[in-house]
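The values are calculated or read from the model by the stated rules, or taken from the named source; none is laboratory data. Small disclaimer: the values here were computed from a predicted structure and weren't measured. Cβ: placed from backbone, ideal geometry, glycine included. Neighbour counts: every protein chain shown.
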Amino acid sequence: MTISPATREELAALVRSANERHSPVSAPDLTRLNRVLEHTPEDMTVTVEAGCQFDELQKQLAQRGQWLPLDPPVADDLTIANLIARNPSGPRRFGFGTVRDHLIGLQVVLADGRLVRNGGKVVKNVAGFDLLKLFVGAEHSLGFVVEATFKLLPRPESECFVRARCESLDDARQVIDNVLESPLTPSVLDLHNDPLHGGRFSVVIGFSGSYAEVDWQLGRATQLGFGEAAALDYEQRFWESGADSPRRCSVAPAALVERLRTLDGAAFIARAGNGTIYFHGDATLPQPALPSALIQRVKSTFDPNGILPPPPSA
Amino acid sequence: MTPHDEQPVTPEVIRALRDIVGADGVITGDDELLVYECDAYTLEKHLPGVVVLPRTTAEVAAVVKLCAQHHLPIIPRGAGTSLSGTVLAVTGGVMIAVTRMNRVLDIDFRNRRALVEAGCVNAWVTNAVKHRGLFYAPDPSSQSACTIGGNIGTNSGGPHTLKYGVTTNHVLGYELVLPDGEIVWLGSRPDEGEEVDGYDLRGAAIGSEGMFGIVTRVLLRLIRAPQAFKTLLGVFDSVDQASQAVSDIIGAGIVPGALEMMDQLITQAVEAAYHFGFPLDAGAVLIVELDGLAAGLDAQAERVVEICRENGAREVRIAKDEQERADLWKSRKRAFGAIGRLSPNFITQDGVVPRSKLPEMMRFIGECSRKYELRIPNVFHAGDGNLHPLILYDERDADQIRRALAASDDILGKCVELGGSVTGEHGIGAEKIDFMARQFSVDDLDAMRMLRRVFDPEGRSNPHKMFPGSKRCGDFAPKKQAGA
C-alpha cells in the first residue's frame, strides 16, 4: 500500500511506526506536498516540496526567467522526490551537470521517522557533512525526501541544435574529436544511431547562451560539418521505443566508440562528452568494481531494520 | 570509542613508523613538530605526537593500520593552509602529512582528466594543462600552496564558484585509505566512465574534513579555459548601491565568473598601501569579471556598466588588456595584506547569507563594529553571498580579544538567522564547533554522525572536530591570520 501523507510530519509518523513494526514502506505518494515554497530570483535559488512536479516547477521558474538546468528524458509525471531518487540526466548534462551539481539543501524523513535537514539555502556552504549526495540516486533506500532547495540559472537567451551525419562510428569519432578540440562550448554533445534521418549515425551538438554566443558557435559548427538544423526529438523517440526501458553504461569519453561497437547495432543514444550510453538490447557489459562493503554499511546504518526500498543495484 | 584523552605515541610505535616510511619520514622532535601545531587558524594550537610523511598509498595504509592496532588518532594534513583548525591534533596522535605525495601522475587531455597525488598543489594542475586550453576550476586564494587532498577535505571554493562551482563539482573520484587501513576508490576510476552505480560516496566524503580517512590519489575533471575575459571595477557611494548592482546583474541573466566586493575600510587600506587611485570616500568597490566566448562579451560588459551606473556608480573602469586586468585583481588579492597596515591581528570570518540579504547583513556588521568598538573591514564573494568580515584587534589587549570573539559570534549568529551558513568555504574544524548546534538540529547532527560511523566507527580519524561535545583546546594564542 502506498501512503499519501498530507504533511511531512504525518509521513514521519507513518515511517516511524512502520520502523517500530519492522514493516516495509514503499516510496510515498507526495501529491499533497507539491508547493513551490520559496523562489527568490535574485538569489537564484528555489525551495520546493518534493511532491511538486518537475515540469510544474520549471514552468513557475520560467515566469521569472530562470530554470533548473536539468532535462530528464522522461519528465512527465516526474516529481522532485523522484528526480532526486533516480538522478536522471538528459542531453544538456554536458553543459550543465546533473542533479548533484544543483541540489543545495534538503529535508528528509529517515527510516526511524526523524525529519532531518542537510545543506541549506545558500549556494556556498560547507557546514557539516554533505549528506545531499547520498540521497541523489539512492532510489528512496536511505529516506524519503520531502523538501529540496536547488540553485538555479538564468534561462539562456537562445538555444540551437545542429546535426552532422556520419556513415560510420569512425567518422562520428572524428567529428566528436573535432568539436572537443575546437573553441566551441556546446551544452549538448550527443551521438545516436538515426535511421530516420538517412544517415547511420548523427552527432548532435547544442549551444545555450546569449544570441551572440550561439550565433558565433553555429557559424563555427557549420565549418565542422554541422550543416543541418536539429531538435532533441530523437530523445523522446528513443525513450519511448522498445519494450523495456533502456540500459545504461558508462565509459571514459575516449572509449565511447569502442564500447558502442560491442552493442551489436542496438539503438542507442550516447552523451559523447560524458561517455554515458543508453541502449536497448541485451549486450553483456563489464561491471566496474564498487566499494560494496561501504555501500552496505551506509544502508544498514541509515536503515537498520531494512524497511525502506533496497539500495540502487549495480 | 572516541579517543578523548591524550594518546601517547610510544617508542615502539615510532620504531614501527620508521620501518614503514624510513627514518627521514618520521618527525618527532618538539622543535620540528612546531610547524604542525596549527593551521592558518592560529587561535588554538596543539603538538601532534608524531608527524609521518609517507610517499605511497601503501605506506599510508600501513601507517593507518598501525595506528588502528594501537588505537591512535590519525590526523590527515595537506599544506596546513586551512582557516578553521581542521588539522589540529587536539589530543595528539599521528599526523599523516601527504606533502611528499605531490605528483601530477597523468594528464588525459582527450578525456579532460588529471590524476594527481593528494599532496599535489592546487595551482600545479592548471599550470600543467593550460597550454592545451584547459584548467582546473576551483581556485581558493591559497591555491599556490594548498593541496588537492586538502581541497577535498574542506570542499574548497574560491572567487569563481558562482559560475564554476566548488571542489565537489570537479572531482570525479579518489582513492581513500579508511581509518582501518583498507584502501577504497570512491567515484570514477581513471579509464572508466563518470557514472558510478550505488551511492555517491565520492560526494558524501568531500568536505568531511579528514574525518573519513586519508585521500591519497585524485581524479580531477578539467574544463575548457574561457576564450576571453572582461574585467570591470565599479566605484559606489555605498554598499547598498553596490549590492543592488549585484542583484541587478544577476537579475539581467548575467552570471559573471567572479563578483567581488570591497567596502570602504578595505578600499582605504588598499589605497593607502598600493595607490590604485580609489576615492577614499568610496563606500564600496565592486569587481565584476565576465568570461567565456569572446562573442557577445562586449555587449554583456556594456550591460554591466549600465547597471552599475543605474545604481549610482560614480566610476566604472574596464580593463583594456591583460595587464590592466591583472592590476584590477591585484587590488582584491592584496586586500588581506593591506590589513596589516590597520591592525596587528584579525579574525577572518566566513559567513554566508542569501545574496538578497547582503545589504541587511552588511548593515548588521556595521552595527557590530560600533557596538564592540572594533573596525571590521569587509572583502567578499558578493556573487555567492559569502562574506569575509575581518575583525581587527590587538592581541596585547585581552578585552579586545574578548570583543573580537563576541563580534564574530554575533555576525555568524546573524548569518544563521538570515537563512545562511557559518561557513562558505573554510570549514567547521575546531573553530566553529559551537555553531553547528545553532545551524542544525540535534537530529540533523545525528544524521551526519551516522555517516561518520559508516567510514570511521571508532571516530579516530581527525577527532574532536565539527561536532558539539568535542574536546576543546584551552590554549589561547592569537596571532596574525592568513587571508581567504
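Numbers at a glance
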read-out	value
Conditions (1) within 14 Å of chain B (Cβ to nearest Cβ); (2) among the aliphatic types (A, V, I, L, M); (3) within 10 Å of the chain's Cα centre (by Cα); number of the one not met by A:MET44	(3)
Residue satisfying condition, being of a type outside the set (A, V, I, L, M) and buried (at least 21 other Cβ atoms within 10 Å of the Cβ), within set B:ASP350, B:ASP327, B:ASP298	B:ASP350
Residues of segment B:430-452 satisfying the condition of being in contact (Cβ under 8 Å) with a residue 40 or more places away in the chain, of a type outside the set (Lys, Arg) and farther than 15 Å from A:ASP130 by Cα	B:ALA430, B:GLU431
Filter result for the condition that a residue is surrounded by fewer than 23 Cβ atoms within 10 Å (Cβ to Cβ) and modelled with pLDDT of 95 or more, over B:GLU373, B:GLU322	B:GLU373
Among the residues listed as A:GLU228, A:GLU235, A:GLU240, the single one being surrounded by fewer than 16 Cβ atoms within 10 Å (Cβ to Cβ), more than 9 Å from chain B (Cβ to nearest Cβ), farther than 29 Å from B:LEU290 by Cβ and at pLDDT 90 or above	A:GLU228
Helices (runs of 4 or more DSSP H) completely within segment A:216-314 that count 1 or more residues being closer than 20 Å to A:VAL179 by Cα	A:256-261
Failed criterion for B:GLY469 (all others in (1) modelled with pLDDT under 95; (2) assigned to a loop (DSSP other than H, G, I, E, B); (3) more than 10 Å from chain A (Cβ to nearest Cβ); (4) at negative phi hold)	(4)
Qualifying position, being over 24 Å from A:ASN87 (Cα atoms) and modelled with pLDDT under 95, among A:CYS166, A:CYS160	A:CYS166
A:ALA289 facing chain B (nearest Cβ under 9 Å) and surrounded by fewer than 17 Cβ atoms within 10 Å (Cβ to Cβ)	yes
Some residue of segment B:180-189 being surrounded by fewer than 24 Cβ atoms within 10 Å (Cβ to Cβ), in contact with an Asp or Glu (Cβ under 8 Å, 6 or more places away or on another chain), of a type in the set (A, V, I, L, M) and more than 9 Å from chain A (Cβ to nearest Cβ)	yes
Filter result (more than 18 Å from A:ARG117 (Cα to Cα) and either surrounded by fewer than 18 Cβ atoms within 10 Å (Cβ to Cβ) or in contact with a Ser or Thr (Cβ under 8 Å, 6 or more places away or on another chain) (or both)) within segment A:15-29	A:SER17, A:GLU20, A:ARG21, A:HIS22, A:SER23, A:PRO24, A:SER26, A:ALA27, A:PRO28, A:ASP29
Residue satisfying condition, being closer than 15 Å to A:ALA50 by Cβ and more than 7 Å from every other protein chain (Cβ to nearest Cβ), within set A:VAL116, A:VAL109	A:VAL109
Filter result for B:PRO159 (of a type outside the set (A, V, I, L, M), modelled with pLDDT of 95 or more and not in a helix (DSSP H, G or I))	no
Flag for A:LEU57 being of a type outside the set (Val, Ile, Thr), closer than 13 Å to A:ALA81 by Cβ, part of a loop (DSSP other than H, G, I, E, B) and away from every other protein chain (no Cβ under 14 Å)	no
Index of the failed condition, B:VAL379 passing every other in (1) within 30 Å of A:THR40 (Cα to Cα); (2) at pLDDT below 95; (3) out of contact with any strand residue (DSSP E or B) (no Cβ under 6 Å at 6 or more places or on another chain)	(3)
Answer from B:GLU12, B:GLU59 - the residue that is buried (at least 21 other Cβ atoms within 10 Å of the Cβ) and in a helix (DSSP H, G or I)	B:GLU59
